[in-house]
Amino acid sequence: MADKVYVAGVDVGSTTAKAVILDSDRNIVGKSLQDVSPRVAEDAETAFVKACQDAGIDREQVALITGTGYGRLKVRFGSLIVTEISCHAKGSQFIYPNTRLTLDIGGQDTKAIRLGPNGEIIDFSMNDKCSAGTGRFLDVCADALGHSVADLGPMSERSKRPTKITSTCTVFAETEVSNQLARGRKPEDIVNGLHHSIAERSISLMRRVGIEDEITFTGGVSRNTGLVRALEEKLGRKINVSPLSQWFGAIGGAIFALEELEKGNDPSFTQLEVSS
Amino acid sequence: MITIGMDIGTGSTKGIVLEDNQKIIGRALMPTKGSPSAMATKVLNECLKNAKLDINEVDYVASTGYGRYMMEERKIQISDLTTTGRGAKFIYSDYNPELVLDIGTQSSRALRIDERGKVIQFKMNERCAAGSGRFIERCSKYLTVPMEKISDTALAGENPQRISSVCAVLSETEIINHVSLGTPVEDILMGVFVSIADRAGTLLRRLKMDDDVYLAGGLVHMPAMKKALESVLDHGVHSHPDAHYAAAIGAARLGYQRLMKQRAIAQ
């Protein structure tokens, strides 16, 4: 057992850091989730250490570590650096092999990535300039409603008619939410309306790369069941959402590390920037 | 002849009492809270009181701004773009204003006007909070600097801190990081004004900015805003104590025109 080979993927996002440990048979043996503070490098380290603990292994047993995500350059203990676009695509196809389009909604950005049958990235489109439609948008609106983001999914399931939300901007949507509450609209209808508005924005981003058959939804916001429902309603089809969807970037990173090892490369002493 | 112009904005409601199309004899300004129609009535009464007039002595009331359709006392409602252009032309009549910049609570607009104050071209942003007064209001909240001190505090900033995010919400994270790194709040605030000025500059350049800029709207009475605009624009920036009332003044003047026309037809 001692000579078993492990790899890791550490995905440092704007809001949370995620780490995954994979064994050489591609089994996920450990994972962790860590909130991100202004000291990003420390948070990346903590996420990695926690994932090793979860897997019950020593960090020395990890042969290769990939850093990915917005804070990937802060994964200083890693040897491979891969963009989160490549990693989310890789992770999606690892869990759902027929994925042709990955929608990744994180704390501060949204990406639509179109994939070929062998996992190659054909096209992608992203919004990282504006917080509308991101996790941040939901945080701000949940605050205005006096709820936590975790409540939003179950709340919107009680709604029969979504309240139309016309503001795109997070700041203006917050005001609109308060105004709608003052007008006596039900909180669940407002939440449902917010989900519909995010779904619409996400779909227009996906259209830019071309909506393909099998869609996989990744990133922290994919845990929101109300948004999943709104997306499925508007798309007229089911989409893949895994309980691990938040870790898909980290999983993809770990797969990249394993592939490097399998190719016989050991970039342990030099940092490689892989672009695919 | 007494005409009143009421500008019911997202941030504040302004009222102007105009005598014979020339002389401002009363005014009032209050933050917009609750129903816009009740707010309009309140400000209307306030500016009547200020002018020492009774509503029966008023010949015409024109409304403008986002809540213009909700004012029951109005005889006409006019788009705020139109009234801002006319109002700016009036308050800056000593100059020859061609470019007007109007920064409000939820929008920013750049207008090109003709010699009568008629809008011939405009660019606006009302979909994003980054270039508007709301951004400042939010900063005031989480940096705990009251709105009435925000401009003076910013003016004390010696090294304005560049804000790289173009989104008001994403900027918050950036600002909080600056605070935790020990950047003086004065420098951060001046940076916020500069970032709003940058966005206004983009709007003005889309109008092929080639001349001085004349300010209107709620944010521009803040000296820090004027200073920030001067630092990013290549042309002169003019402000006026009545700049906040530009749209209300424009409404009162257009109301007067309309009244004159009606009377001419009646004769």
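Read-outs throughout are calculated quantities, based only on the coordinates presented, and are distinct from any laboratory measurement. The structure presented is a predicted model; accordingly, all values stated were derived computationally and were not measured. Every residue, glycine among them, receives a Cβ derived from its backbone with ideal geometry; neighbour counts consider all protein chains shown.
Rounded to whole Å, give me the distance from the Cα center of region B:82-98 to that of region A:13-73.
Rounded to whole Å, the Cα centres lie 61 Å apart.
Enter the mean projected area of the convex hull around the alpha-carbon atoms of region B:96-239, in nm², rounded to one decimal.
Projected area, direction-averaged: 7.9 nm².
Of all alpha-carbon pairs in region B:22-112, indicate the percentage at a distance above 19 angstrom.
So the pairs more than 19 Å apart make up 49 percent of the total in region B:22-112.
What fraction of the DSSP beta bridges in the protein assembly as shown is antiparallel, stated in percent and rounded to the nearest 5?
So the antiparallel bridges amount to about 65 percent of the total.
Where does chain A land at 222 nm, in deg cm²/dmol rounded to the nearest 500, when only DSSP H runs of n ≥ 4 count, each adding -39500 (n - 2.57), divided by all residues?
Result for chain A, helices only: -13000 deg cm²/dmol.
For helix A:187-209, report the angle its Cα long axis makes with the longest principal axis of the Cα atoms of chain A; keep it between 0 and 90° and round to the nearest 10°.
Compared with the principal axis, the helix lies near 50 degrees.
List the lysines whose Cα lies under 27 Å from the Cα of B:Lys23, skipping any in the same chain that are fewer than 8 positions away.
B:Lys14, B:Lys42, B:Lys49, B:Lys52, B:Lys75, B:Lys89, B:Lys118, B:Lys226, B:Lys261
What distance in nm lies between label points placed 7 Å from Cα along the C-beta direction at A:Ser204 and B:Asp210?
3.3 nm
Report the equivalent ellipsoid semi-axes for region A:98-241 in whole Å, largest first, defined as the square roots of five times the eigenvalues of the gyration tensor built from alpha carbon atoms.
With the √(5λ) rule applied to region A:98-241, the semi-axes are 27, 15, 12 Å.
Projected area of chain A, taken from the Cα convex hull and averaged over every viewing direction, in nm²?
That works out to 14.3 nm².
Alpha carbons only, please: Rg and Dmax for region B:1-56, in angstrom.
Cα only, region B:1-56: 10.8, 33 Å (Rg, Dmax).
For B:Met147 and B:Ser231, compute 0.36 nm times the residue count separating them, minus their Cα-Cα distance, and round to one decimal in nm.
Taking B:Met147 through B:Ser231 to full extension adds about 28.0 nm, to one decimal.
Which lysines, on any chain, are close to A:Lys263 with Cα under 30 Å apart, when same-chain ones fewer than 8 places away are left out?
A:Lys4, A:Lys18, A:Lys31, A:Lys50, A:Lys74, A:Lys90, A:Lys111
Tabulate in residue order the Karplus-calculated ³J(HN,Hα) for region B:13-29, using 6.51 cos²θ - 1.76 cosθ + 1.60 with θ = phi - 60°, rounded to whole Hz; enter x for Gly and Pro.
Coupling constants for region B:13-29: 10, 10, x, 10, 9, 10, 9, 6, 6, 10, 10, 7, 10, x, 7, 7, 8 Hz.
Given the alpha-carbon gyration tensor of the protein assembly as shown, what are the semi-axes of its equivalent ellipsoid in whole angstrom, ordered largest first, with each equal to the square root of 5 times an eigenvalue?
In descending order the semi-axes read 54, 25, 19 Å.
With a 10 Å cut-off between alpha carbons and a GNM built on chain B, which of B:Gln77, B:Gln257, B:Gln106 moves the most?
Answer for the Gaussian network model of chain B: B:Gln257.
At 222 nm, what value in deg cm²/dmol follows for chain B if DSSP H runs of at least 4 each add -39500 (n - 2.57) and the sum is divided by all its residues, to the nearest 500?
Using -39500 (n - 2.57) per qualifying helix, the result is -13500 deg cm²/dmol.
Please state the charge dipole magnitude for the protein assembly as shown, taken about the Cα centre, from unit charges on C-beta atoms (+1 on K and R, -1 on D and E), reported in debye and rounded to the nearest 20.
In total the dipole reaches around 2040 debye.
Where the convex hull is taken over the Cα atoms of chain B, what is its projected area averaged over directions, in nm²?
Result: a mean projected hull area of 14.3 nm².
Using label points projected 7 Å from each Cα along Cα→Cβ, tell me how many nm separate A:Arg59 and B:Asn21, to one decimal.
7.9 nm
Once label points are set 7 Å from the Cα along Cα→Cβ at both A:Phe77 and A:Val49, what is their separation, rounded to one decimal in nm?
Using points 7 Å along Cα→Cβ, the separation is 0.7 nm.
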